[in-house]
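Working notes for the structure below.
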Amino acid sequence: MTVAGVRTLTRWFWVRHAPAIDPEGRLYGQRDVDCDCSDAAAFAGLARMLPKDAFWLATPLSRTTKTAAAIRAAGLDAPEPVIEPLLMEQNFGDWQGQIRSEVTKHRLWIAAPYTRAPGGESFVDVYARCRTAIERWTEECKGHDIVAVAHGGTIRSALGVALSLPPEIALAFSTENLSLTIIEHFETDARAHDWRVAAVNRLPR
């Protein structure tokens, strides 16, 4: 789709990692838990939906790098992702490893956006660091496609940044495992910067 006056278009393809293997229902946050990459149909769908010749990002947590590897194995010729720590999931500090239902304090998330977990972060902290990474990579990859395999909190933050939403509203988005969210950044002839959300939580079925 062509937009009048657009000088560069940078597209972000956000993929939430495969389901974490967590039979006890514990809060994992930045704990490096394994993930289930057995859904061959979903990975084949993502391989068809994602662009070729994109720049790839993942986080230091292995559930994102394993998800990226499974997409490549399903038929997409893509590079190894660059690791970006700023796109990691929220650090829930002392709550990590506890039963999720016992520490959840908010209807849409683990805690209210301004509540900082003991020894960890608030969602507002995540929002701020994700903004830093998004703005930097949008500039560095200007005019190209970016595939970012990341986390639920990260993708909600990206949607909030694109739509200039307060953090408490950004938490209202649903981001399921192996879903695709597409956000586009436009730089116009007037050097204005605009974002457009092209898809949210699209499942590869």
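The values are calculated or read from the model by the stated rules, or taken from the named source; none is laboratory data. Everything numeric here is computed off the predicted structure, so don't read it as measured data. Here the Cβ is made from the backbone with ideal geometry for all residues, glycine too, and neighbour counts use every protein chain on show.
Remarks
- Per-region count, the range 93-111, residues in contact (Cβ under 8 Å) with a residue 24 or more places away in the chain, among the aliphatic types (A, V, I, L, M) and part of a loop (DSSP other than H, G, I, E, B): 2
- Of all the numbered requirements in (1) without any contact (Cβ under 8 Å) to a residue 24 or more places away in the chain; (2) of a type outside the set (A, V, I, L, M); (3) in a loop (DSSP other than H, G, I, E, B), D194 misses one, and that requirement is (3).
- Criterion (in contact with a Leu (Cβ under 8 Å, 6 or more places away or on another chain) and on the phi < 0 side of the Ramachandran plot) met by exactly one of L50, L9: L50
- Any hit, the range 112-128, residues being over 24 Å from G93 (Cβ atoms), in contact with a Ser or Thr (Cβ under 8 Å, 6 or more places away or on another chain) and touching a residue at least 12 places away in the same chain (Cβ under 8 Å): no
- Residues in the range 43-64 that are charged (D, E, K, R) and in a helix (DSSP H, G or I) were compared, and the one that is farthest from E84 (Cα to Cα) is R48.
- The range 23-59, residues that are surrounded by 19 or more Cβ atoms within 10 Å (Cβ to Cβ), farther than 14 Å from I71 by Cα and aliphatic (A, V, I, L, M): L27
- Condition check for S157: assigned to a helix (DSSP H, G or I) and more than 20 Å from I71 (Cα to Cα): yes
- Any chance E80 is modelled with pLDDT of 95 or more and surrounded by 18 or more Cβ atoms within 10 Å (Cβ to Cβ): no
- Restricting A162, A170, A199 to residues that are closer than 13 Å to R131 by Cβ, in contact with a strand residue (DSSP E or B) (Cβ under 6 Å, 6 or more places away or on another chain) and at pLDDT 95 or above narrows the list to A162.
- Test: residue in the range 67-77 that is in a helix (DSSP H, G or I), polar (S, T, N, Q), surrounded by fewer than 21 Cβ atoms within 10 Å (Cβ to Cβ) and in contact with a strand residue (DSSP E or B) (Cβ under 6 Å, 6 or more places away or on another chain): no
- Only one of the numbered conditions (1) buried (at least 17 other Cβ atoms within 10 Å of the Cβ); (2) over 21 Å from S174 (Cα atoms); (3) of a type in the set (A, V, I, L, M, F, W, C) is not met by I99, and that is (1).
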